[in-house]
Amino acid sequence: MLTAVNPPEAKWPGLSQGVVIKGNGFFVSGGHCGLDPAGEPVTTSVEDQIVAMFEGLKRTLAEAGLGFEHVARTTCYVREFSPELLKTIKKVRARYYNQECPPASVMVQAGLYDQRLHAEVEVIAVVP
């Protein structure tokens with residue numbers, strides 16, 4: 001009933017980048033951060049890191065046969081909330097989601113596993 005979804009470049013032991021719930025028609029992602037191909041945080045700019053975060057999510061969704069149009073719920077965790085970070089996340093997020101029907105979303109201030117990270121995102125999507 002559950003199928004782990006991990007793009008080839010993101011296979012870490014004990015962690016699924018996403019899970020397809022076939023019996024219920026839902027996809028639930030793990031947290032995605034703005035990482036480079038070596039798994040290190042992108043530090044060139046906050047915007048570059050947020051783009052990398054959504055690009056990683058895009059690869060995981062594609063591996064599940066899905067796209068951003070299937071996302072019904074987004075949760076974004078931020079290390080430290082600021083109006084500037086919110087503006088950057090919204091600006092980048094708008095490049096990926098249909099603005100006529102964006103997913104329900106929430107932003108939560110939380111501790112992230114690396115101080116160089118500004119945000120982490122996870123989603124719930126509908127499997128057609």
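Only the coordinates and a few stated rules stand behind these numbers; no lab work does. Predicted model only: the values in this text are computed from it and were never measured. Note that we place each Cβ from the backbone using ideal geometry, even for glycine, and neighbour counts take in every protein chain shown.
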(message) How high is the relative contact order of the chain? Use alpha-carbon pairs under 8 Å, at least six apart in sequence, and give a whole percent.
(response) 31
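Tell me the mean residue ellipticity at 222 nm calculated for the chain from its helices only (DSSP H runs of n ≥ 4, each -39500 (n - 2.57), averaged over every residue, nearest 500).
On the way: 2 runs with 29 residues, N = 128.
Mean residue ellipticity at 222 nm (helix-derived): -7500 deg cm²/dmol.
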(message) Please check: in the Gaussian network model of the chain (C-alpha springs, under 10 Å), which one of Ala94, Ala104, Ala38 has the largest mean-square fluctuation.
(response) Ala38
(request) Compute the distance in nm between two label points, each set 7 Å from the Cα along the Cα-to-Cβ direction, one at Asp114 and one at Val127. (result) 3.0
(request) Considering only Thr44, Thr60, Thr88, give the residue with the highest GNM mean-square fluctuation for the chain, with springs between Cα atoms whenever their separation is below 10 Å. (result) Thr44
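Can you give the FRET efficiency to the nearest 0.05 for Asn24 and Glu100, using r as the Cβ-Cβ distance and R₀ = 30 Å?
Numbers: r = 26 Å, r/R0 = 0.87.
Efficiency at R0 = 30 Å is approximately 0.70.
What are the equivalent ellipsoid semi-axes of the range 2-126, built from the alpha-carbon gyration tensor (square roots of five times its eigenvalues), in whole angstrom, biggest first?
Working: eigenvalues 96, 62, 31 Å².
Gyration-tensor ellipsoid for the range 2-126: 22, 18, 12 Å.
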(request) Given the options Val19, Val106, Val78, state which has the largest fluctuation in a GNM of the chain using a 10 Å cut-off (strictly under) for Cα springs. (result) Val106
(request) Give the calculated FRET efficiency between Glu84 and Ala38 to the nearest 0.05, with a Förster radius of 30 Å applied to their Cβ-Cβ distance. (result) 0.65
(message) Which of the three applies to the range 54-128, rounded, prolate or oblate, going by the alpha-carbon gyration tensor with a ≥ b ≥ c and a/c under 1.5 meaning rounded?
(response) prolate
(message) Can you give me the angle between helix 46-63 and the longest principal axis of the chain, using Cα atoms only, in degrees from 0 to 90, rounded to the nearest 10?
(response) 10
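State the number of lysine pairs found in the range 2-126 whose Cα atoms come within less than 28 Å, restricting to pairs 8 or more positions apart or on distinct chains.
On the way: Lys11/Lys22; Lys11/Lys58; Lys22/Lys58; Lys58/Lys87; Lys58/Lys90; Lys58/Lys91.
For the range 2-126, qualifying lysine pairs total 6.
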